[in-house]
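This report refers to the structure that appears directly beneath it.
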Amino acid sequence: MLIVGNGRMITRNPEQPFLESGAVAIDGNSIIKVGSLEEVKAAYPEAEYIDAKGGVIMPAFINVHEHIYSAFARGLSINGYNPKGFLDILDGQWWTIDRHLTLDQTYLSAMATYIDSIKNGVTTVFDHHASFGAITGSLFEIEKAAKETGVRSCLCYEISDRDGMDKSREAIQENVDFINHALKDDTDMIAGMMGMHASFTISDETMERCAAMKPECTGYHIHVAEGIEDLHACLRDHGTRIIDRLMNCGVLGKKTLAAHCIYVNKHEMELLKETDTMVVHNPESNMGNACGCPPTMEIFHTGVLTGLGTDGYTHDMTESYKVANILHKHHLCNANAAWGEVPVMLFENNAKIANRYFKKPLGVLKEGAAGDVIVLDYDPLTPMHAGNVNSHILFGMTGRNVVTTVANGKVLMKDRVLTSIDEAKVMADCRQAAADLAKSING
Ligand SMILES: [Zn+2]
C-alpha cells in the first residue's frame with residue numbers, strides 16, 4: 001500500500017478534477033482511493049507515504065509515438081551527412097543508424113530512453129522500432145529494458161522493403177512473434193502492434209503478407225504522409241492517395257495508429273474518422289525535419305482520435321505540448337488555435353489511445369485506474385484551480401519538474417533518484433555503446 005499526498009492534485013477525472021491538498025492511495029497496481037490528504041491517510045494509516053511537499057500530483061504522462069532506436073543519435077556526426085530533404089534525413093541519418101545497431105545497442109538505447117521517460121514522468125510508451133542490422137529478437141531486447149525499468153510499453157518493428165524482401169519478411173516475423181508473446185503476458189504492461197515504416201517503402205506484396213500474418217486483435221503503427229515524397233510515391237505507384245491505399249490494404253481501423261498525417265486531405269480525414277483510426281501528432285519532429293505543419297486541428301475537429309507523441313525528438317511530453325500549442329497558432333495565423341485541442345490530445349486522447357491496448361484505465365487518478373502517478377516540484381505564482389491547470393502546466397512546468405514517478409504501483413523514481421536502476425552505470429554503458437556505434441558507422 002502506497003499513499004502519494006500533500007500536493008495540489010490534478011486528477012483528470014471530471015467528477016473531481018482538482019484538489020487543493022489531495023492524496024491518492026495505491027494498492028498493488030491500482031488506485032484504490034482519491035481524496036483529501038486527511039481522508040486518505042485516515043483510511044490507510046499504515047501505508048507507505050510519499051510526501052509531495054506541496055508540489056503538484058497528477059497522472060503520469062503517456063507518449064504514443066516514440067523511437068527508441070534513435071537514442072544514440074545525440075551528438076553523433078555521420079561522415080558526409082548533409083541532407084537536402086526528408087529522404088536524405090531518413091537514409092543519411094536514421095536508416096544509417098538502424099542498419100548498424102546490434103541487439104545490445106538496441107537494449108541500451110531502450111534503457112536510455114526509458115530512464116529519460118521516467119525522469120520526465122512518462123510511464124507508458126508506444127515505440128516504433130527499427131534495427132535492420134539485427135532484426136530478430138530486437139523487440140524482445142526492448143521488452144527486457146521495459147521490464148527492468150518498469151515502463152508500460154506497446155512495441156512494434158517497422159516493416160519496410162528498403163533493405164530487400166528478406167529483411168522485410170524478417171521484420172514481419174519479428175512483429176508476429178512479439179505480438180503473440182505479448183498476448184500471453186498478463187501483466188497489462190506489454191503489448192505489440194504490427195509496425196510499418198510508411199507507404200512508400202512497402203510494396204503491395206508486403207502489404208498482403210502483413211495482412212495475412214497479423215494477429216487479428218492488434219492493429220498497425222505506421223508513418224503516414226510525413227513527407228510530401230510519401231504522397232507523390234503513392235500517387236505515382238498506386239494511383240491513390242495514402243489513406244485510400246491503406247484503406248484498400250486493410251490497414252485502417254480502431255487499433256491502428258497513424259503518425260503525422262501531414263499531407264492528407266478532407267476526404268482522407270473522413271476515412272480516418274469512419275474507420276476510427278488513431279492519429280498521433282509530433283510537432284517538434286515535423287518542424288525539425290522541415291516536413292511541414294500537419295492539419296492536426298482539422299483532423300481533430302473532423303472527430304479523429306488524435307494524440308500527441310515525440311517521435312524520438314524528446315522524451316518530455318510537455319515539450320510536445322508547448323510546441324504544438326505555438327506551431328498551429330503560428331501556422332494558422334490564429335492566436336486561439338490549439339489552445340483547447342492540444343491538452344485534450346495530451347491528457348485525454350493519449351489515454352484513450354493507450355487504453356485500446358492496455359486494460360486498466362490510464363491517464364486518470366480515480367478508483368480502479370492504474371497506479372501511474374507523478375509528483376512535480378511546482379509552486380504556483382498565481383492561483384491554481386480546476387479551470388486553469390493546463391495553463392500552469394503549459395507555461396510553468398517541464399518534464400524536469402517531475403521529482404517522483406510511480407508506474408503500475410511501483411515507485412520508479414523518488415526525489416529525482418531512480419529506485420531500482422544504477423543510472424550512472426547504464427549511462428556509462430550507453431556512452432560506450434554509442435561510441436562503438438559511431439565507429440561502426442564512420443569507420
Ligand atoms: Zn516516427
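The C-beta contact set for the stretch 216-234 (first residue without any contact (Cβ under 8 Å) to a residue 40 or more places away in the chain and within 10 Å of residue 199 (Cβ to Cβ), second residue more than 16 Å from the ligand (Cβ to nearest atom) and basic (Lys, Arg), distance under 7 angstrom, 6+ apart or interchain) comprises 231/241; 234/241; 234/245.
For every residue, the table says whether it meets (1) surrounded by 20 or more Cβ atoms within 10 Å (Cβ to Cβ); (2) within 16 Å of the ligand (Cβ to nearest atom); (3) assigned by TED's automatic domain parsing to the domain that holds residue 137; (4) part of a helix (DSSP H, G or I).
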{"site": "9", "(1), (2), (3), (4)": "yes, no, no, no"}
{"site": "14", "(1), (2), (3), (4)": "no, no, no, no"}
{"site": "19", "(1), (2), (3), (4)": "yes, no, no, no"}
{"site": "69", "(1), (2), (3), (4)": "yes, yes, yes, yes"}
{"site": "75", "(1), (2), (3), (4)": "no, no, yes, no"}
{"site": "89", "(1), (2), (3), (4)": "no, yes, yes, yes"}
{"site": "92", "(1), (2), (3), (4)": "no, no, yes, yes"}
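Can you find a residue that is surrounded by fewer than 19 Cβ atoms within 10 Å (Cβ to Cβ) and not hydrophobic (A, V, I, L, M, F, W, C) anywhere in the stretch 223-232? Show your work before the answer.
Here is the first cut: in the stretch 223-232, the ones surrounded by fewer than 19 Cβ atoms within 10 Å (Cβ to Cβ) are 228-229, 232.
After this cut, where a residue has to be not hydrophobic (A, V, I, L, M, F, W, C) as well, the list is 229, 232.
Yes, the conditions are met somewhere in the stretch 223-232.
Residue 336 passes every criterion in (1) assigned to a loop (DSSP other than H, G, I, E, B); (2) within 16 Å of the ligand (Cβ to nearest atom); (3) not hydrophobic (A, V, I, L, M, F, W, C) apart from (2).
Among the criteria (1) part of a helix (DSSP H, G or I); (2) free of Cβ contacts under 8 Å to residues at least 24 places away in the same chain; (3) within 23 Å of residue 312 (Cα to Cα), the one residue 42 does not fulfil is (3).
Looking only at the stretch 238-253, residues that are loosely packed, with under 14 Cβ neighbours inside 10 Å and touching a residue at least 12 places away in the same chain (Cβ under 8 Å) come to 0 in all.
I'd like to check which helices (runs of 4 or more DSSP H) are fully inside the stretch 238-289 and have at least 3 residues that are away from the ligand (no atom under 14 Å from the Cβ).
Working: elements: 242-248, 266-274, 283-288.
Output list reads 242-248, 266-274.
Put simply, of 121, 192 the only residue that is out of contact with any His (no Cβ under 9 Å at 6 or more places or on another chain) and in contact (Cβ under 8 Å) with a residue 40 or more places away in the chain is 121. With respect to (1) surrounded by 17 or more Cβ atoms within 10 Å (Cβ to Cβ); (2) farther than 21 Å from residue 268 by Cβ; (3) assigned by TED's automatic domain parsing to the domain that holds residue 124; (4) hydrophobic (A, V, I, L, M, F, W, C), the lone exception for residue 290 is condition (1).
Mind listing whichever residues of the stretch 262-285 are under 13 Å from residue 309 (Cα atoms), crowded, with 24+ Cβ neighbours inside 10 Å and not aliphatic (A, V, I, L, M)?
Just the residues of the stretch 262-285 that are under 13 Å from residue 309 (Cα atoms), to begin with: 278-285.
Restricting the remaining residues to those that are crowded, with 24+ Cβ neighbours inside 10 Å gives 278-283.
Correct list: 281, 282, 283.
If I filter the stretch 221-230 for residues that are closer than 15 Å to residue 278 by Cα, touching a helix residue (DSSP H, G or I) at 6+ places or on another chain (Cβ under 9 Å), among the small types (Gly, Ala, Ser) and within 16 Å of the ligand (Cβ to nearest atom), do I get at least one hit? Yes, the stretch 221-230 contains a residue that is closer than 15 Å to residue 278 by Cα, touching a helix residue (DSSP H, G or I) at 6+ places or on another chain (Cβ under 9 Å), among the small types (Gly, Ala, Ser) and within 16 Å of the ligand (Cβ to nearest atom).
I'm trying to understand the selection: among the residues of the stretch 134-149, which are surrounded by fewer than 21 Cβ atoms within 10 Å (Cβ to Cβ) and touching a Leu at 6+ places or on another chain (Cβ under 7 Å)? Even if it seems obvious, please write down each step before you answer.
Going through the stretch 134-149, the residues surrounded by fewer than 21 Cβ atoms within 10 Å (Cβ to Cβ) turn out to be 134, 136-137, 140, 144, 147-148.
134, 137 - these are the residues of the stretch 134-149 that are surrounded by fewer than 21 Cβ atoms within 10 Å (Cβ to Cβ) and touching a Leu at 6+ places or on another chain (Cβ under 7 Å).
Among the residues examined, residue 124 qualifies as outside the structural domain of residue 402 (by TED's automatic domain parsing), buried (at least 24 other Cβ atoms within 10 Å of the Cβ) and in contact with a Lys or Arg (Cβ under 6 Å, 6 or more places away or on another chain).
One residue is enough: does the stretch 95-113 have a residue meeting the conditions touching a strand residue (DSSP E or B) at 6+ places or on another chain (Cβ under 7 Å), more than 24 Å from residue 201 (Cβ to Cβ) and crowded, with 18+ Cβ neighbours inside 10 Å? No, every residue in the stretch 95-113 fails to be touching a strand residue (DSSP E or B) at 6+ places or on another chain (Cβ under 7 Å), more than 24 Å from residue 201 (Cβ to Cβ) and crowded, with 18+ Cβ neighbours inside 10 Å.
The values are calculated or read from the model by the stated rules, or taken from the named source; none is laboratory data. Note that the structure is a prediction, hence the values are computed from the model and not measured. So basically every Cβ, Gly included, is an ideal-geometry build from the backbone, and we count neighbours across all protein chains shown.
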